[in-house]
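Student: Right, I'll just put the structure down here and ask away after.
Laboratory data are not the source of any read-out in this text; all were calculated from the coordinates shown. Here the structure is a predicted model, which means the values were calculated and not measured. No Cβ is skipped: glycine too gets one built from the backbone with ideal geometry, and neighbour counts run over all protein chains shown.
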Amino acid sequence: MPEKSASNLVAEPQSPPKIRSPKRPAGTLYRGKEGMWSWVLHRITGVAIYFFLLVHILDTALVRVSPEAYNAVIDTYKTPLMGLGEIALVAAIAFHAFNGLRIILIDFWAFGAKHQRTMFWVVIGLWVVLLAAFIPRQLMHIFGG
Amino acid sequence: MSTAVAENKPAAAEVVPTFTATLMIRRFDPEVDEEPRWEDFDVELYETDRILDALHKIKWEMDGSLTFRRSCAHGVCGSDAMRINGRNRLACKTLIKDLDISKPIYVEAIKGLPLEKDLIVDMEPFFDSFKEVNPFLMAGPVKGGKERKQSPVERARFDDTTKCILCAACTSSCPVFWTDGQYFGPAAIVNAHRFIFDSRDEGAGVRLDILNDKEGVWRCRTTFNCTDACPRGIQVTQAIAEVKQAIIKGKP
Ligand code: HEM
Ligand code: SF4
Ligand code: FES
């Protein structure tokens, strides 16, 4: 006798009811607090830095292929547009680095989770101070003071 | 004294003031709708009413087809987690007077689990993750005497995570869970924490192994949405961090 004979007494197994996964209209945006938005920013800045670094490694590697081409590329870094781009890059790295330290503290410091919100505002504070020091210098650099 | 009592004439039954709030509810009937739709209801409510009372009023007096889960109505059973004004809350613990009623109140199902009807989602994937962490005492033979004794300090170690009512508010508030339904999710980790740090339990190694998985605690990106959503006030992200540390150290 087959082992599963008991199940023959039960009604024929039915295919599970199909639940269509609905798409629209979308639900509301989840209203997370500092923790969620710092994560969103961390990922955006992390990915942005990654793509910059990728391009930067490629253009630096160019020096081995053709020093002239390398010089041409590096010259474009001196244009005002790139100068402003550097401000964005520094802003992204600064946020990512400060917030990265906050995340390390959340994971490894026993009271990190408790103070995460305070630490987030400390991150923003440090970030503003760093940019306040960097941006005027960079602007002088770009537009020659 | 006696005059004061005499002056205390029985007052005419005071009329309890009511006000009208608008609820925007994200509805979905799989038999009719291709996709969810927002529907608004103007509901007459008292100061003391909760979102659950408003939903009852709609279901009982306006539209009987409105579908939602609830059982205890007092924050114990964990049936009625839903997204209220964009945040996961229990309908039975959210007072209308704490919300801004000059604007519509948005009510929708929790995110990341398959929507079945109106405010009801399929909780099976959520409970599957819960079951996977062995959420029961794994104790060996009693050592000396007849009881497994535990000091108040040892009991306090995991007190916070004993309070979970499995409402799924935390797991369905997690951005990682929305995009990766395989992730165990905060609730499963909270319930593993409850036993990992129980001095009577001997299954910590097994559970830490399970949570060291690719879809385990390392998926956590510390967004704190879970801690904010938990209706029992459990420090969920803290508990996850403690489990991460226990995995690194190889013991609770
Ligand atoms: C400069 C080059 C860097 C790049 C390209 C980079 C990129 C990234 C990316 C893509 C992530 C993933 C984010 C996520 O999954 O949510 C990440 C996470 C992380 N980064 Fe960076 N990062 C860089 C520098 C730093 C620095 C300087 C620090 C700290 C001082 C740092 C600390 C962290 C930490 C702690 C995480 C984990 C975040 C989490 O758990 O959500 N990173 N990084
Ligand atoms: S930890 Fe809190 S939010 Fe998560 S299931 Fe348990 S009671 Fe609900
Ligand atoms: S109905 Fe039981 S928790 Fe809200």
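Student: Residue by residue through the range B:171-181, what is 3J(HN,Hα) from phi via Karplus (6.51 cos²θ - 1.76 cosθ + 1.60, θ = phi - 60°)? Round to whole Hz and write x for glycine and proline.
Tutor: Once θ is set to phi - 60°, the couplings for the range B:171-181 become 4, 7, 9, 8, x, 5, 5, 4, 8, 9, x Hz.
Student: Taking H placed 1.01 Å from N in the peptide plane, check which residues at least 5 places from B:Arg87 or on another chain put their amide H under 5 Å from its amide H.
Tutor: Amide H neighbours of B:Arg87: A:Arg31.
Student: Based on the Cα atoms of the range B:169-229, what semi-axes does the equivalent ellipsoid have, where each is the square root of 5 times one gyration tensor eigenvalue, given in whole Å with the largest first?
Tutor: Working from the Cα gyration tensor, I get semi-axes of 22, 13, 8 Å.
Student: Let me ask something additional. For each pair in A:Lys114/B:Lys244; B:Lys163/B:Lys251; A:Lys114/B:Lys214; B:Lys163/B:Lys214; B:Lys57/B:Lys163; B:Lys59/B:Lys117, compute the distance between the two Cα atoms and list the pairs where it is over 20 Å.
Tutor: B:Lys163/B:Lys251; A:Lys114/B:Lys214; B:Lys163/B:Lys214; B:Lys57/B:Lys163
Student: ³J(HN,Hα) across the range B:83-95 via Karplus (A = 6.51, B = -1.76, C = 1.60, θ = phi - 60°), whole Hz, x for Gly/Pro?
Tutor: Working through the residues one at a time gives 8, 10, 6, x, 10, 6, 9, 7, 4, 7, 10, 10, 6 Hz.
Student: Shielding by partners for B:162-172, please: the mean number of other protein chain Cβ atoms within 10 Å of each residue's Cβ.
Tutor: 0
Student: Could you work out, for the protein assembly as shown, what percent of all Cα-Cα pairs fall into each 10 Å distance bin, beginning at 0 Å and stopping at the bin that holds the largest distance?
Tutor: Pair shares across the bins are 4, 16, 21, 20, 17, 12, 6, 2, 1, 0, 0.
Student: State, to one decimal in nm², a quarter of the convex hull surface area for the C-alpha atoms of chain B, i.e. the direction-averaged projected area.
Tutor: 21.1 nm²
Student: Over what distance in Å are the Cα centres of the range B:132-195 and the range A:66-145 separated?
Tutor: 40 Å
Student: Full-extension gain between B:Asp40 and B:Lys103, please, as 0.36 nm times their residue separation minus the C-alpha to C-alpha distance.
Tutor: 21.5 nm
Student: Set the Förster distance to 22 Å, then compute FRET efficiency between B:Lys251 and A:His115 from the Cβ-Cβ distance, nearest 0.05.
Tutor: Once rounded, the FRET efficiency stands at 0.25.
Student: So if I place +1 on the C-beta of Lys and Arg and -1 on the C-beta of Asp and Glu, and nothing else carries charge, what would the dipole magnitude of the range B:44-95 be about its Cα centre? I want it in debye, nearest 20.
Tutor: 360 debye
Student: Can you tell me which aspartates and glutamates have their Cα less than 20 Å from the Cα of B:Lys93? Leave out same-chain residues fewer than eight positions away.
Tutor: Those aspartates and glutamates meeting the cut-off are B:Glu44, B:Glu47, B:Asp49, B:Asp53, B:Asp80, B:Glu108, B:Asp118, B:Asp160, B:Asp228.
Student: Using a simple charge model, +1 on the beta-carbon of Lys and Arg, -1 on the beta-carbon of Asp and Glu, nothing else, what dipole does chain B show about its Cα centre, in debye to the nearest 20?
Tutor: So the dipole magnitude of chain B works out to roughly 1480 debye.
Student: In the range A:114-134, whose amide N lies under 20 Å from the spot 7 Å out along Cα-to-Cβ of A:Phe143? List them in ranges.
Tutor: A:131-134
Student: Right, next: What are the ³J(HN,Hα) couplings of the range A:99-105, residue after residue, when phi is run through the Karplus curve with 6.51, -1.76, 1.60 and θ = phi - 60°? Round to Hz, x for glycine and proline.
Tutor: Result, ordered by residue: 5, x, 5, 4, 5, 4, 5 Hz.
Student: For B:Val121, which sequence-distant residues (separation of 5 or more, or a different chain) have an amide H within less than 5 Å of its own amide H, given hydrogens modelled in the peptide plane?
Tutor: The answer is B:Glu116.
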